[in-house]
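Down below is the structure, laid out as structure tokens.
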Amino acid sequence: MIISLKKHTPEIEKQKLITDLENQDFQITIIEGVHMTLLALTGDTIKVDDKRILANPWVIEVRRMDVPYKLVSRYVHPEDTIIEVGDVKIGAGQPLVIIGGPCSVEGDEMMCRLAQDVKDAGGKMMRGGAYKPRTSPYAFQGMQTEGIQCMVHAKELTGMPIVSELMSIDKIDEFVKNVDVIQVGARNMQNFELLKALGKVNKPILLKRGMANTIEEWLMSAEYIMANGNPNVILCERGIRTFETLTRNTLDVSVIPIIKERTHLPIIIDPSHATGDWKLVEAMSLAAVAAGCDGLMIEVHDQPECAWSDGSQSLKPEKFKTLVEKVKKVAEVLGRSI
Ligand code: PEP
Ligand code: MN
């Protein structure tokens with residue numbers, strides 16, 4: 001970390017700041033420049049409060065040379081992490097994991113039927129929302145406990161692990177008991193109390209990127225889960241808000257190599273919420289696989305026009321099957337399988 005001080009900072013003020021930093025166990029190297037004085041700070045700067053240093057009227061700028069997270073960082077943990085969900089392994093060049101299923105669970109028969117369709121097409125896990133974060137309080141809010149039970153039944157029939165979204169701490173026990181991967185939705189990415197609580201559970205967490213969050217904020221949220229004791233985090237990009245209106249969100253494909261460079265965690269892509277349009281889902285899936293993601297999460301419904309949520313972005317099972325076949329070919333070019 002570099003702190004730049006105004007050229008004519010009184011010696012007494014400079015010393016006060018240096019002593020304060022040395023008392024916090026940092027080593028300081030002073031560089032007298034032509035236009036300013038630089039203090040190069042070494043030590044565990046992760047806990048430094050930049051804003052407090054900036055409040056000093058003699059300070060011009062505080063520049064962090066390292067990243068503000070450590071447990072998620074590849075610089076600290078160079079090897080790729082593999083997350084295990086039953087027999088399914090995600091990350092580190094393992095076969096791509098495709099997760100499919102409806103936006104919302106709409107009933108037992110529907111969930112079991114779609115789970116079987118997803119499995120037959122080559123999917124490895126099923127998704128389904130039982131607690132739904134809807135923009136409107138008048139929209140369908142999810143089948144809740146009954147919905148979770150439909151997924152448990154679909155798992156009994158197909159053997160596929162369950163991915164489902166948890167929205168509040170009071171339902172954690174229900175999720176730990178019944179769900180294999182606990183999803184934190186885009187809207188809860190910075191619900192820090194929820195993240196802390198999920199740090200204490202022994203289940204993989206699928207952490208979606210918030211629709212208006214930077215990569216660094218997203219990684220800090222992953223750090224919350226890991227710093228509280230749970231190393232099993234899967235990152236999921238689901239599109240961010242931009243000025244574009246022809247798509248629901250804008251899929252940030254560049255995030256894939258950035259995440260691979262900066263972290264050791266697996267990353268999967270959700271092209272359904274990223275586009276909001278079933279016609280774009282296949283192309284974005286192929287692009288994401290080409291860019292090196294570890295898996296995809298795709299909304300599937302056999303009657304999208306009657307879906308209780310997100311029908312316009314849901315693929316029919318036969319289209320999902322074609323997508324999986326194409327993904328397989330792109331993966332093979334890159335030396336990966338599904
Ligand atoms: C979902 O996956 O069902 C969902 C609501 O996604 P997001 O949090 O990305 O909007
Ligand atoms: Mn949805």
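The values are calculated or read from the model by the stated rules, or taken from the named source; none is laboratory data. Fair warning: this is a prediction, and the values are worked out from it, not measured in the lab. Neighbour counts run over all protein chains shown; Cβ positions are idealised from the backbone, glycine included. These accessible areas exclude ligands, DNA and RNA; they are computed on the full protein's heavy atoms, side chains included. Shrake-Rupley method; radii C 1.70, N 1.55, O 1.52, S 1.80 Å.
So which of T275, T214, T250, T263 is within 14 Å of ligand 1 (Cβ to nearest atom) and more than 21 Å from S104 (Cα to Cα)? Before the answer, list the steps.
On the way: T275 fails: more than 21 Å from S104 (Cα to Cα); T214 fails: within 14 Å of ligand 1 (Cβ to nearest atom); T263 fails: within 14 Å of ligand 1 (Cβ to nearest atom).
Of the residues listed, the single one that is within 14 Å of ligand 1 (Cβ to nearest atom) and more than 21 Å from S104 (Cα to Cα) is T250.
Given the conditions (1) open to solvent by less than 30 Å² (accessible area, probe 1.4 Å); (2) outside any helix (DSSP H, G or I); (3) small (G, A, S), and given that S337 satisfies all but one, which numbered condition is not satisfied?
Against the list (1) open to solvent by less than 30 Å² (accessible area, probe 1.4 Å); (2) outside any helix (DSSP H, G or I); (3) small (G, A, S), S337 comes up short only on (1).
Would you be able to say whether some residue in segment 265-283 is of a type in the set (S, T, N, Q), away from ligand 2 (no atom under 16 Å from the Cβ), in a helix (DSSP H, G or I) and assigned by TED's automatic domain parsing to the domain that holds L206? Step through it out loud before you land on a result.
Quick first cut of segment 265-283, residues of a type in the set (S, T, N, Q) only: 272, 275.
Imposing the further condition that a residue be away from ligand 2 (no atom under 16 Å from the Cβ) reduces the set to none.
No; the residues of segment 265-283 include none that is of a type in the set (S, T, N, Q), away from ligand 2 (no atom under 16 Å from the Cβ), in a helix (DSSP H, G or I) and assigned by TED's automatic domain parsing to the domain that holds L206.
Hey, among P231, P257, which residue is within 17 Å of M284 (Cβ to Cβ), in the same structural domain as A154 (by TED's automatic domain parsing) and of a type outside the set (V, I, T)?
Details: P231 fails: within 17 Å of M284 (Cβ to Cβ).
Going through P231, P257 in turn, the sole match is P257.
Of (1) open to solvent by less than 30 Å² (accessible area, probe 1.4 Å); (2) more than 12 Å from ligand 1 (Cβ to nearest atom); (3) not polar (S, T, N, Q), K208 satisfies all except one. Which?
Answer for K208: the failing condition is (2).
Checking T322 against (1) hydroxyl-bearing (S, T, Y); (2) part of a loop (DSSP other than H, G, I, E, B); (3) open to solvent by 40 Å² or more (accessible area, probe 1.4 Å); (4) in contact with a helix residue (DSSP H, G or I) (Cβ under 8 Å, 6 or more places away or on another chain), which single condition isn't satisfied?
(2)
Just name the residue that is least open to solvent (accessible area, probe 1.4 Å) out of those in segment 68-83 that are of a type in the set (A, V, I, L, M) and part of a loop (DSSP other than H, G, I, E, B).
The first filter runs over segment 68-83 and keeps only residues of a type in the set (A, V, I, L, M), leaving 71-72, 76, 82-83.
Imposing the further condition that a residue be part of a loop (DSSP other than H, G, I, E, B) reduces the set to 71-72, 76, 82.
Values: L71: 73, V72: 0, V76: 96, I82: 67 Å².
The qualifying residue least open to solvent (accessible area, probe 1.4 Å) is V72.
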